[in-house]
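Asks: Let me give you the structure first, and then I'll get to my questions.
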Amino acid sequence: MSMPTSMLDLDRFRATPLQHDPFDFLCVPGFVKREHLEALHRDYPKVDKPGSIPLGVFPQGPAFDALIEELRGEAVCQAFSEKFGLDLSRYPTMFTARGMCRATDGKIHPDSASKIVTVLIYMNPPWEASGGRLRVLRSPNLEDYAAEVPPDEGTLLCFRRSDTSWHGHHSFEGRRRAVQMNWVRNSVYIWHEQWRHRVGAWLKNRKGAAPVHY
């Protein structure tokens, strides 16, 4: 029986140097292998609401399930632990997905103190809009940036969370897909965030949006 093919290019990840200006981060275009992108677009959660949505709220297919299973795996944890010099195996992981961006999204923030490492994997066609490109910031000023990352399909951006891990983007409204994985300090935070996002998704449906079919 043949082993399943990895969707992730961990060799490319390992070969990409960790940047330290203005905080520990790296960007890896092609982190998701090109041959898997078509299936992942097809099986991506059918998120038609803005905000971060817990997995399982919207329908998703088997290719996306396989991506999440691989991201949860030991090989990914080891690669990220080595890159950031942390033993991430001690911490639980949390996953959310985004499908739509509001004009008000992208405000500058450093991420919650309960997060240790943030991982973003973008799943969009080649990005032409000027808005929606995440900026790695040296200060809470959107023009004071060290890097700008278009959310192109298969691109990874990850960083070590700190009180100064500022990031944000110029306004964009429309479809903008991103999988977010976080290593977090405890499972209580995951429960709280999953509950908060689920309630938020339910309230958005109650305000006149089309009903969600599970």
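The values are calculated or read from the model by the stated rules, or taken from the named source; none is laboratory data. Remember, predicted model here, so these are calculated numbers, not experimental data. Quick reminder, even Gly has a Cβ in these numbers, built from the backbone with ideal geometry, and neighbours come from all protein chains shown. Each accessible area value is taken on the protein alone, full model and side chains, heavy atoms only, with ligands, DNA and RNA left out. Shrake-Rupley method; radii C 1.70, N 1.55, O 1.52, S 1.80 Å.
Asks: Six or more apart or on different chains, Cβ under 7 Å: which pairs go from a residue in segment 116-135 that's under 14 Å from residue 156 (Cα atoms) and charged (D, E, K, R) to one that's in a strand (DSSP E or B) and at pLDDT below 95? Could you list them?
Replies: If the second residue must be in a strand (DSSP E or B) and at pLDDT below 95, no pairs are left.
Asks: I'd like the full set of residues that are open to solvent by less than 10 Å² (accessible area, probe 1.4 Å), farther than 21 Å from residue 130 by Cα and in a loop (DSSP other than H, G, I, E, B), limited to segment 154-174.
Replies: 165
Asks: Limited to segment 56-109, what total is found for residues that are buried (at least 16 other Cβ atoms within 10 Å of the Cβ), of a type in the set (D, E, K, R) and part of a loop (DSSP other than H, G, I, E, B)?
Replies: 1
Asks: In this structure, is residue 41 modelled with pLDDT of 95 or more, over 23 Å from residue 161 (Cβ atoms) and buried (at least 17 other Cβ atoms within 10 Å of the Cβ)?
Replies: So residue 41 fails the test.
Asks: Residue by residue through segment 133-153, note down the ones that are farther than 30 Å from residue 90 by Cα, assigned to a loop (DSSP other than H, G, I, E, B) and in contact with a Pro (Cβ under 6 Å, 6 or more places away or on another chain).
Replies: Hits for segment 133-153 are 133, 152.
Asks: If you scan segment 105-133, which residues turn out to be aliphatic (A, V, I, L, M) and under 23 Å from residue 64 (Cα atoms)?
Replies: 117, 119, 120, 121, 123
Asks: What number of residues within segment 142-162 are in contact (Cβ under 8 Å) with a residue 12 or more places away in the chain and over 19 Å from the mean Cα position of the chain (by Cα)?
Replies: 2
Asks: Mind checking which residues of segment 7-32 are in contact (Cβ under 8 Å) with a residue 40 or more places away in the chain, in a loop (DSSP other than H, G, I, E, B) and out of contact with any helix residue (DSSP H, G or I) (no Cβ under 9 Å at 6 or more places or on another chain)?
Replies: 21, 22, 23
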